[in-house]
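**Student:** Dumping the structure here so I can ask a few things about it.
Please treat every number below as a calculation from the coordinates, not as lab data. These numbers come from a predicted model, not from an experiment. Neighbour counts run over all protein chains shown; Cβ positions are idealised from the backbone, glycine included.
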């Protein structure tokens, strides 16, 4: 699948520590190859229709949606990113 990053995601990504950006790059490659890759631990976000979360590590998550054959990357940040709009 193709990955498309929103401006908000890009802004969030640039603010991350370098080691988290490296982990994110690896996890996004896994996600693009297989939405069910166990390393990404994808879960549906109950409070948002059509939005899913993926895990970078125990502290960092990213939010995305699936639109046809593309994954739209919405936000990335600490675990509480789900509560932010």
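**Student:** Go through 28-40, 7-19, 53-65 and give me the packing order, highest mean Cβ count within 10 Å leading.
**Tutor:** In descending order of packing, they fall as 53-65, 28-40, 7-19.
**Student:** What percent antiparallel are the DSSP beta bridges of segment 2-79, to the nearest 5?
**Tutor:** Roughly 80 percent of the beta bridges in segment 2-79 run antiparallel, per DSSP.
**Student:** Then there's this: Expressed as a rounded percentage, what relative contact order does segment 2-79 have, with Cα pairs under 8 Å and six or more residues apart?
**Tutor:** Here the relative contact order equals 34 percent.
**Student:** Per DSSP H run of n ≥ 4, the term is -39500 (n - 2.57); total these for the chain, divide by its residue number, and report the mean residue ellipticity at 222 nm rounded to 500 deg cm²/dmol.
**Tutor:** Helix contribution divided over all residues of the chain: -9000 deg cm²/dmol.
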